[in-house]
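Written below as structure tokens is the structure these notes are about.
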Amino acid sequence: MAGSLIKVDEFTISSAVSSIILGGGSSGSSGLNASIDSTYDVYMVKYNNSGTSNDATLINSRVTVLGTPDTSANYDGAWKAIRTNTTFNNVSITNETQWTYTFGDSTGTGTSEKQSGIHYLFNFNNASEYSFMTVEQVMVNANAESKGGQGGYVHTVAQACDGIQLYASTGNIASGTFTLYGLKK
Amino acid sequence: MATNLEFINSFEVTGTVQSLDCDNIFSDKYDVYYLTVALKESSAGNDQWIRMRLIDNTGTVITASEYDYAQLAMPANTGFYDTNRATGQNVILYGGIGYSDDTGNGGSLYVYNPNDSSSYTFLQAQAGSTVGNVLFGTKGISVHKSAETIRGINFHTTTFWGSGTVNVYGVK
């Protein structure tokens with residue numbers, strides 16, 4: 001039966017790495033030479049068991065252009081931190097050089113101190129539009145707190161992006177499976 | 001081209017029930033699952049938040065105090081609130097999957113790593129419901145803080161459901 005959620009790229013960490021790229025052509029971590037392109041308007045990233053080698057570490061993200069992460073200070077975002085043990089937080093960033101927290105918020109090294117989620121990517125390959133990402137995530141953080149995040153992000157540059165880079169704020173990304181899908185038009 | 005969202009099973013409310021077991025749905029075939037949930041109370045006045053528990057690898061519904069949960073409640077007629085949260089509970093009372101009354105509801109749920117015996121099981125949900133004729137949006141998360149193999153999920157209410165369906169998919 002034909003379907004509408006199509007796997008484009010996937011990378012499972014078998015040994016710790018400082019960063020990974022989903023899509024990005026020949027710069028992609030999987031070696032599949034996959035890219036975010038005009039085949040689909042909307043892409044989805046599924047990730048699970050995302051963890052780091054150092055305690056209390058963030059996993060941030062950036063768009064890639066021709067396989068190279070864009071480090072310009074044009075990353076904005078806002079999200080709600082959904083917390084099980086205290087009041088929820090509103091968090092935002094403006095003109096940062098990365099999308100902070102997006103794949104790991106204070107990821108720990110204790111039992112199941114990992115993060116999982118589903119993110120949607122919009123207009124990445126459209127050269128005349130900004131790139132947008134929605135975030136839905138659940139985790140146990142470095143303080144053993146069960147926590148979630150819901151929000152939206154934008155990279156305020158109208159350019160064609162071909163992938164997304166994920167990187168640890170310190171040390172390495174130690175675990176996780178990261179999968180990029182296209183949503184069929 | 002093959003799809004990567006694969007239908008696993010569907011569970012339907014038949015008769016008037018307080019509990020719906022979706023058993024034998026998690027396996028080593030997928031790490032991540034997507035469920036659609038729509039449940040309707042049997043009559044007016046039977047209104048409750050939809051509760052969840054996980055089912056272990058022997059088929060037993062887990063009632064130990066191992067669940068953390070939190071949801072953002074977004075009522076249409078007043079301010080949003082974040083007080084639906086707790087740790088170390090024996091049921092997921094506010095997991096974000098919504099509220100069922102006699103007008104029904106609709107929600108979706110992702111479940112991460114249920115079959116991994118070395119990992120906690122993580123859930124993330126969102127729903128639209130009506131509570132006393134007021135629209136409620138909910139976004140929630142929950143964690144079963146015990147590393148063990150989970151094979152299913154139980155939905156239940158303290159009142160009665162008269163109809164409804166849960167569909168289960170694997171995200172390959």
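Per-residue answers, yes or no, for (1) of a type in the set (Lys, Arg); (2) assigned to a strand (DSSP E or B); (3) surrounded by 23 or more Cβ atoms within 10 Å (Cβ to Cβ):
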residue: A:33; (1), (2), (3): no, no, no
residue: A:49; (1), (2), (3): no, yes, no
residue: A:63; (1), (2), (3): no, yes, yes
residue: A:73; (1), (2), (3): no, no, no
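Just to be sure, is residue A:77 in contact with a strand residue (DSSP E or B) (Cβ under 8 Å, 6 or more places away or on another chain), under 14 Å from residue A:159 (Cβ atoms) and not charged (D, E, K, R)? It would help to see each step written out before you state the result.
Working: in contact with a strand residue (DSSP E or B) (Cβ under 8 Å, 6 or more places away or on another chain): yes; under 14 Å from residue A:159 (Cβ atoms): no; not charged (D, E, K, R): yes.
No, not satisfied.
Looking at segment B:78-90, I want the residues that are within 11 Å of residue A:146 (Cα to Cα) and have a partner that is modelled with pLDDT of 95 or more and assigned to a strand (DSSP E or B) with Cβ atoms under 6 Å, at least 6 apart or on another chain. Which pairs are those?
Once the first residue is within 11 Å of residue A:146 (Cα to Cα) and sits in segment B:78-90, its partners that are modelled with pLDDT of 95 or more and assigned to a strand (DSSP E or B) give B:85/B:70; B:87/B:68.
Could you list all residues from segment A:81-109 that are of a type in the set (Ser, Thr, Tyr) and either more than 10 Å from chain B (Cβ to nearest Cβ) or surrounded by 21 or more Cβ atoms within 10 Å (Cβ to Cβ) (or both)?
First, the residues of segment A:81-109 that are of a type in the set (Ser, Thr, Tyr): A:84, A:86-87, A:92, A:94, A:97, A:100-102, A:106-107, A:109.
Matches in segment A:81-109: A:84, A:92, A:94, A:97, A:100, A:101, A:102, A:106, A:107, A:109.
Wholly within segment B:103-172, which strands (runs of 3 or more DSSP E) include no fewer than the required count, namely at least 1 residues that are within 18 Å of residue A:149 (Cα to Cα) and within 14 Å of chain A (Cβ to nearest Cβ)? Don't jump to the end; show me each part of the working.
On the way: elements: B:105-112, B:121-131, B:134-144, B:150-171.
So the answer is B:105-112, B:121-131, B:134-144.
Take residue B:84 and tell me if it is within 13 Å of another protein chain (Cβ to nearest Cβ) and over 13 Å from the mean Cα position of the chain (by Cα). Give the steps one after another, and end with the answer.
Details: within 13 Å of another protein chain (Cβ to nearest Cβ): yes; over 13 Å from the mean Cα position of the chain (by Cα): yes.
Judged against the criteria, residue B:84 is a match.
Just one of (1) in contact (Cβ under 8 Å) with a residue 24 or more places away in the chain; (2) surrounded by 24 or more Cβ atoms within 10 Å (Cβ to Cβ) trips up residue B:115, so point out which.
Tallying (1) in contact (Cβ under 8 Å) with a residue 24 or more places away in the chain; (2) surrounded by 24 or more Cβ atoms within 10 Å (Cβ to Cβ), residue B:115 fails exactly one: (2).
Filter segment A:69-80 for residues that are of a type in the set (D, E, K, R) and either more than 14 Å from chain B (Cβ to nearest Cβ) or more than 17 Å from the chain's Cα centre (by Cα) (or both) and give the result.
So the first thing to find is which residues in segment A:69-80 are of a type in the set (D, E, K, R), and the list is A:70, A:76, A:80.
Result: A:70, A:76.
Checking the structure you have, find out if any residue of segment A:155-165 is surrounded by fewer than 24 Cβ atoms within 10 Å (Cβ to Cβ), in contact (Cβ under 8 Å) with a residue 40 or more places away in the chain and within 14 Å of chain B (Cβ to nearest Cβ).
no
Would you check which residues across segment A:124-140 are assigned to a loop (DSSP other than H, G, I, E, B) and buried (at least 19 other Cβ atoms within 10 Å of the Cβ) and list them?
Kept after step one, since they are assigned to a loop (DSSP other than H, G, I, E, B), are these residues of segment A:124-140: A:124-130.
Listed by number, the residues that qualify are A:124, A:125.
Can you pull out every residue in segment B:1-59 that is among the aromatic types (Phe, Trp, Tyr), more than 16 Å from the chain's Cα centre (by Cα) and either assigned to a strand (DSSP E or B) or away from every other protein chain (no Cβ under 14 Å) (or both)? Steps first, answer last, please.
Step one: filter segment B:1-59 for residues among the aromatic types (Phe, Trp, Tyr), giving B:7, B:11, B:26, B:30, B:33-34, B:49.
Filter once more, so that each one left must be more than 16 Å from the chain's Cα centre (by Cα): B:7, B:30.
Of everything in segment B:1-59, just one residue is among the aromatic types (Phe, Trp, Tyr), more than 16 Å from the chain's Cα centre (by Cα) and either assigned to a strand (DSSP E or B) or away from every other protein chain (no Cβ under 14 Å) (or both), namely B:7.
Return yes or no: is residue B:73 within 14 Å of another protein chain (Cβ to nearest Cβ) and farther than 21 Å from residue B:149 by Cα?
Working: within 14 Å of another protein chain (Cβ to nearest Cβ): yes; farther than 21 Å from residue B:149 by Cα: yes.
Against the criterion (within 14 Å of another protein chain (Cβ to nearest Cβ) and farther than 21 Å from residue B:149 by Cα), residue B:73 qualifies.
Would you mind finding the one in B:35, B:93, B:123 that is more than 30 Å from residue B:6 (Cβ to Cβ) and modelled with pLDDT of 95 or more? Walk me through how you get there before you give the answer.
Details: B:35 fails: more than 30 Å from residue B:6 (Cβ to Cβ); B:123 fails: more than 30 Å from residue B:6 (Cβ to Cβ).
Exactly one residue qualifies, and that residue is B:93.
Please give the strands (runs of 3 or more DSSP E) falling wholly within segment A:75-123 in which 3 or more residues are touching a residue at least 40 places away in the same chain (Cβ under 8 Å), of a type outside the set (Gly, Ala, Ser) and at negative phi. Before the answer, list the steps.
On the way: elements: A:75-83, A:89-96, A:99-107, A:115-122.
Result: A:75-83, A:99-107, A:115-122.
So residue B:65 passes all but one of these: (1) free of Cβ contacts under 8 Å to residues at least 40 places away in the same chain; (2) more than 9 Å from chain A (Cβ to nearest Cβ); (3) over 16 Å from the mean Cα position of the chain (by Cα); (4) not in a loop (DSSP other than H, G, I, E, B). Which condition number does it fail?
Result: residue B:65 passes all but (4).
The values are calculated or read from the model by the stated rules, or taken from the named source; none is laboratory data. For clarity, every value in this text was computed on a predicted model and none was experimentally measured. Neighbour counts are summed over all protein chains in view; Cβ atoms, including those assigned to glycine, are modelled from backbone coordinates with ideal geometry.
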